Amino acid sequence: MLSDQDLMAFTLTVKLALTTTVLLLLFGTPLAWWLSRSKGLLKTVVESVVALPLVLPPTVLGFYLLILFGPQGWVGQWMSALELPLLVFSFWGLVLGSMIYSLPFVVQPLQSAFEGLSPLYLEVASTLGASRWDRMINLILPLTKRGFLSAITLGFAHTVGEFGVVLMVGGNIPGKTQVLSIAIYDHVESMQYAKAHLLAGGLLIFSAVTLFLFYFKQRVRL
């Protein structure tokens, strides 16, 4: 049976994944659109920065975020001067770290979907007097829904499985920053393998089902 602490970790993990995915869609969609329509050195630089979490160890990213947003960091000092709560060891610190670490899993599928969109559709819509908002809602979104489905699925699933970044930025505070991956680590450290198996098995099943549904959807015409 799951303990109350494990249930809190589960709830926090779902809340973190949902919040991160929604914010990444809001931020990543215009970024992916810009990347799909840009050329030159600046695009290459931005693409490299976006893809950096794919190759950078999560503990490295988490360490520098901890330094940056900690009490002695540049952002941390600025927030303290404004009497704002620090991001480290807080839920919103977890969100920020998760957004940075999961950024390529949202931006890259959207960028690919936008790049596959024929400019002819946009030109015709513009000729017919459609505004940018109309083109986005009634044309771009329906034609790129596969990309959005991929971005949502991968962004959510990747956030659920994070460990290094959330541990470095948020620590291990039950009910506040302890997510499922950290709870599993705690159970293993305390030799509570039955509880670790329960949580790890649940994440394994979730990951396998998510990937199956994702690839199955890719084979089925939406």
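For the range 31-40, check the following and say yes or no: at least one residue is touching a residue at least 40 places away in the same chain (Cβ under 8 Å), aromatic (Phe, Trp, Tyr) and within 23 Å of GLY171 (Cβ to Cβ). No: the range 31-40 contains no residue that is touching a residue at least 40 places away in the same chain (Cβ under 8 Å), aromatic (Phe, Trp, Tyr) and within 23 Å of GLY171 (Cβ to Cβ). Applying the selection to the range 124-145, what residues are without any contact (Cβ under 8 Å) to a residue 60 or more places away in the chain and either of a type in the set (Lys, Arg) or part of a loop (DSSP other than H, G, I, E, B) (or both)? LEU128, GLY129, ALA130, SER131, ARG132, ARG135, THR144, listed by residue number. Among the candidates VAL209, VAL169, the residue that is exposed (fewer than 15 other Cβ atoms within 10 Å of the Cβ), assigned to a helix (DSSP H, G or I) and hydrophobic (A, V, I, L, M, F, W, C) is uniquely VAL209.
Here is a yes/no grid of residues against (1) over 30 Å from ILE182 (Cβ atoms); (2) basic (Lys, Arg); (3) at pLDDT 95 or above:
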| residue | (1), (2), (3) |
| --- | --- |
| LEU2 | no, no, no |
| ALA9 | no, no, no |
| THR20 | no, no, yes |
| LEU23 | no, no, yes |
| TRP33 | yes, no, no |
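When PHE114, PHE105, PHE148 are checked against the criterion of being surrounded by 21 or more Cβ atoms within 10 Å (Cβ to Cβ) and either within 14 Å of the chain's Cα centre (by Cα) or in a helix (DSSP H, G or I) (or both), a single residue qualifies: PHE105. A single member of TYR193, TYR185 is modelled with pLDDT of 90 or more and within 30 Å of PHE69 (Cβ to Cβ), and it is TYR185. With a requirement of 1 or more residues that are under 21 Å from the mean Cα position of the chain (by Cα), the helices (runs of 4 or more DSSP H) lying completely within the range 1-101 that satisfy it span 4-37, 41-51, 58-69. Scanning the range 53-77 for residues that are of a type in the set (Phe, Trp, Tyr) and either within 25 Å of GLN108 (Cα to Cα) or at pLDDT below 90 (or both) returns PHE63, TYR64, TRP74.
The values are calculated or read from the model by the stated rules, or taken from the named source; none is laboratory data. Because the structure is predicted, anything quoted here is derived from the model rather than measured. As a convention, Cβ positions derive from the backbone with ideal geometry for all residues, glycine included, and neighbour counts pool all protein chains shown.
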